[in-house]
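All remarks here apply to the structure that follows.
Computed from the coordinates by the stated procedures, all read-outs in this text should not be read as laboratory data. All values reported here derive from a predicted model rather than from experimental measurement. Glycine also receives a Cβ, built like all others from the backbone with ideal geometry; neighbour counts cover every protein chain displayed.
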Amino acid sequence: MKTLASLAKLNTAADKRILIIDGAMGTMIQRYKLTEADYRGERFKTWHRDVKGNNELLSLTRPDIIGKIHDQYLEAGADIIETNTFNAQRVSMADYGMEDLSRELNLASAKIACEMRDKWNKLTPDKPRFVAGAVGPTNRTSSMSPDVNNPGYRAVNFDELRTVYKEQVIALIEGGCDIIIIETIFDTLNAKAAGFATLEAFDELGMTLPIMLSGTITDASGRTLSGQTGEAFWYSMRHLKPWSVGLNCALGAELMRPYIAELSHMADTRVSAYPNAGLPNVMGEYDETGEEMACKVEPWAADGLINVIGGCCGSTPDHISHIREHVAKYKPRVAPVIEPKMRLSGLEPFVAR
């Protein structure tokens, strides 16, 4: 089966070297300075709402741009590219009145990425490439109230998220993805809904893909937006038996390191990291160059902390190329043997000793 063959290649590659995941999709799209008309294309020319900023829609209206971005990251040396589906589920698409396009968007985005994967697998058969179906956090949180005057209110619940995520994951799998990546996790309950939906999708389709998990530490407090520490986050999610766990977004490499080191010492699976290209300047732009970013993440590889490395907001193919060059000489992290104990989590971890 293709699934088993792909997993075997992924595991073999990960055992040999530190794998490179791609950089930011949004940053690259911004370079094209697209207009409302570009986003609409002919099909959505008379759509009743503004759609500029709906980057996932570009997989239908400008697939040439999305394909070119994937191609550039693969040329830069990425082993894993993510589909253009960060917000491609019904909850987020509701902002544009495009909920019913969710399945089509995921299928189209997966096929674009897989086409580029297949192109590069023919060009470099000794360096297999993989497509990770990107499952983002949505624009709502299920564990906190958005209304300060009504702390019991929730804008979305677990079952609603589970339903929309299942639709998304099934489409990503049917589109040809090799991996499902649940990323930028700021609310662990959202992620648990995504994880549950992914397992349901596997059962329904009769196949299993590796799962990557990537949380987001929002600031120097060392916690996710919903309040968990990195250790508590891992204990909340490890039941999914992910292929990897890690962190992305929010922080640049300099600030992310202690939290990656913490995960590296406690997770009995692979560890991934794709930080931002530094912190945004007053204009919201990222100034850290590819060489600067690569120099900051190289010590992570030298110290044996990571298995997968790449970039998030502000990163480009140039950043990915420099990172690849800087970590190429280091061996991938070896997961520690973790002593069996009861490990529980709320906002803080609890280990029964």
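Which of these, R238, R270, R90, has the largest mean-square fluctuation under a Gaussian network model of the chain (Cα springs below 10 Å)? Maximum among the listed residues: R238. For the chain, a Gaussian network of Cα nodes joined below 10 Å ranks N276, N149, N157 by mean-square fluctuation, and the top entry is N149. Note: relative contact order over the stretch 203-348, using C-alpha pairs below 8 Å and six or more positions apart, is 25 percent. The A352 and A37 beta-carbon pair, evaluated with R₀ = 51 Å, returns a calculated FRET efficiency of approximately 0.25. Going toward the positive end of the dipole of the chain, with +1 on Lys and Arg Cβ and -1 on Asp and Glu Cβ, which of A294, T218, T198 do you reach last? Looking along the dipole axis, the top candidate is T198.
Ordering S142, S102, G304 by Cα displacement along the dipole of the chain toward the positive end leaves G304 in first place; charges were set at the Cβ atoms of Lys, Arg (+1) and Asp, Glu (-1). Structure remark: mean-square fluctuation, Gaussian network model of the chain, C-alpha springs under 10 Å; the largest value among I211, I180, I65 belongs to I65. Counting Cα-Cα pairs of the chain in 10 Å increments starting at 0 gives whole-percent bin shares of 6, 26, 36, 25, 6, 1, 0. Summed over qualifying helices (DSSP H, 4 residues or more, each -39500 (n - 2.57)) and divided by its residue number, the chain shows a 222 nm mean residue ellipticity of -13000 deg cm²/dmol.
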